[in-house]
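Structure first, then comments.
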Amino acid sequence: MAPPANDDFGNATLVGGLPFLDTVDATGATRQPGEPAPTCAGVSGGSVWYRFTPAATASISWTASAFNPPVV
């Protein structure tokens, strides 16, 4: 399976504002060289990237739906 478009940091999906909703099939996601692997990912697992610049200082929360909890 091909990796998602935002598989690497250089192609991070821009989050223009909140609330934001996106659905990504990360089955083909990879890790970039030097990208740390979370301990819960074992030897598999990749990443998808997002970029967000807030207009003001505030708290935000993120929720994902998956069989294995994602790492933020």
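Please treat every number below as a calculation from the coordinates, not as lab data. Predicted model, so just to flag it, every value in this text is computed and none were measured. Glycine also receives a Cβ, built like all others from the backbone with ideal geometry; neighbour counts cover every protein chain displayed.
Remarks
- Listed peptides 8-21, 50-63 by packing density, highest first (mean Cβ within 10 Å): 8-21, 50-63
- Long-range HN-HN contacts of Tyr50 with modeled amide H, under 5 Å: Thr13
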